[in-house]
Amino acid sequence: MIIEKWIRGEKWIMKDMVDIYTDEGDVYKNIPVQAFSPLYNPYITKIIRFIKRTAFVSLEQLQQNYQRGRYGEMTALRKDEIQMEQYIRKWNILKAAPEIAARMQEIIALNPKLNDGDGAAEVKLLMDGKLLMVTLPDRRIDLAASSAPLFTITGVALAQAITEIFDVHIEKDPDGCTLIKTGIFGRFPQTREFGSNCPIFAFMRPPQMEEGIGSLFRSMMINHVVALAKYRTFDAVALATILEQAGQFEMGNALGWFERYHLLGMVYQGFNANNLVMDLIQENAEGTVGDVVHSVIKRAIKDGLLYLKSDKYPIVQPSGYRMYSTRDYPLWNAYSVAGALAAAIVNIGASRACQGVSAALSIYSDLLSIASGGLPDPDAGRLMGTALGFSFYTHSIYGGAGPGAFTMDHVITRHTSGFLTPCVAAAMCLDAGTQIFAPKVTSGNYLKLRKELPLFAEPHRKAAEAALSIKDKF
């Protein structure tokens, strides 16, 4: 995008080209910001398609459900409120794992002759046969209205495979027939959700649990993102940014007038465009949130983004206080959200305790608005407002629930344009074990999946390389 503006009688031209820096110092030069759009970037598109097609089945959980008579549980933590010994079934699910996987793959696959050769499904055994990864055919997803097939197709195929393999017949074991469904889907549809011991999970919520339209890509827990990034700060930020902005594009927030606003914020905060985030961190390695604010203002003035309309009153107050103007608000917002990430990293990097991330983001936003002479704080006030609510929910109403235990679409965290949760993900990466709800507790499966899914390794670098590969098309 090339933006032309007239400022004080002078034409000011801005080309949205950036250099992307990794945390290891590699540089990808002169990339147009559009190359990071979820609509165009090959790596980001690949992640989105993988998320839409992939579900997982914990065979270990399923076996526990049947062998302990645990059906329809709803508690999130102990998962022990139901023990029905009269409904125990001694089906050895784990021993039959290869047979279950093979049968499910047959059931889910489509006729390749009628699908241009693309009808294959893949059901793969992971973690020594304790977990199934189910990849649905593209056509089943393309013809679906929602994320439902991840749960419906996977669950029904699983139920049919178990029925056949363990010869569960309605005349021999009528209760067993109903227990197959209940062991998989819990009390649903008596309840809205499937239950806490549902063995099926995916990167997205089931569609009936969507928190507002277009937010399923944002439905992953922040700790899951940290686990998939293997606690690498910039990679967790990049992955959270990809998911957040995929949701923003789906819900129409990044359409037309607002696309450039989102893309600039995405590349500066999420991918360290022009090394801004890293420069701010290094400059304030022994500093405070306030020092980061000062550095953002100084950098914006140096880059010509902020300026004074006059050197006289009221632009310059008698006290010396200055009220700056910006030549380009979307770019100023990108600088401000990049600064927010740097402030969170500097603050939590010093304390090694992520609980303070909401306070760091709140005070950073307030100070930046004051230091700039009244320009909008990050994301036009959304970042500070959301951070204040986040502070209440992580310190009071939930009794100190961990910041990483929130999903990105939570009723508290979802109110920015995708610029809060990357900062929270960074804070969780830097936490030194102060949290009860740490990724090792909430996201064990995702820590294990990270080893099995090379797609999620180095998302920062891979997105930059993918952007570089298509830069000449813009």
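Just a few scattered comments:
- Residues within the reach of a label modelled at Phe50 (point 7 angstrom out along Cα to beta-carbon, backbone nitrogen below 16 Å), restricted to segment 430-474, are 446-467.
- Phi angles across segment 265-272 convert, under the Karplus curve 6.51 cos²θ - 1.76 cosθ + 1.60 with θ = phi - 60°, into 3J(HN,Hα) values of x, 4, 6, 6, 7, x, 10, 6 Hz, Gly and Pro given as x.
- Amide H partners (placed H, <5 Å) of Arg205, local residues excluded: Ser219
- The calculated FRET efficiency for Glu122 paired with Val411, based on their beta-carbon distance and R0 = 41 Å, is about 0.70.
- Karplus-derived 3J(HN,Hα) values for segment 18-33, using 6.51 cos²θ - 1.76 cosθ + 1.60 with θ = phi - 60°, are 9, 9, 9, 10, 8, 6, 9, x, 6, 10, 10, 9, 6, 9, x, 4 Hz; glycine and proline are entered as x.
- Each peptide among 190-196, 264-270, 286-292 gets the average number of other Cβ atoms lying within 10 Å of its residues, and from highest to lowest they stand as 264-270, 286-292, 190-196.
- Applying 1/(1 + (r/R0)^6) with r as the Cβ-Cβ distance of Ser396 and Arg322 and R0 = 30 angstrom yields a FRET efficiency of 0.20.
- FRET efficiency for the pair Thr75 and Tyr329, taken as 1/(1 + (r/R0)^6) with r the Cβ-Cβ distance and R0 = 60 Å, rounds to 0.80.
- Residue-span extension gain [Met209 to Leu143] - 0.36 nm each, minus C-alpha spacing: 21.7 nm
- Inter-label distance, nm, simple model (7 Å from Cα along the C-beta direction), Ile370/Leu94: 5.8
- In this simple spin-label approximation, Arg352 and Asp303 carry label points 7 Å from Cα along the Cα→Cβ vector, and these lie 3.2 nm apart.
- Site pair Asp167 and Lys473 shows an inter-label distance of 5.5 nm when each label is modelled 7 Å from Cα along Cα→Cβ.
- Length added when fully stretched, Tyr313-Asp279, from 0.36 nm per residue minus Cα-Cα: 8.9 nm
No value in this document is a laboratory result; all are computed from the given coordinates. The structure displayed is predicted, hence computed values, not measured ones. Ideal geometry is used to build each Cβ from the backbone, glycine not excepted, and the neighbour counts take in all protein chains shown.
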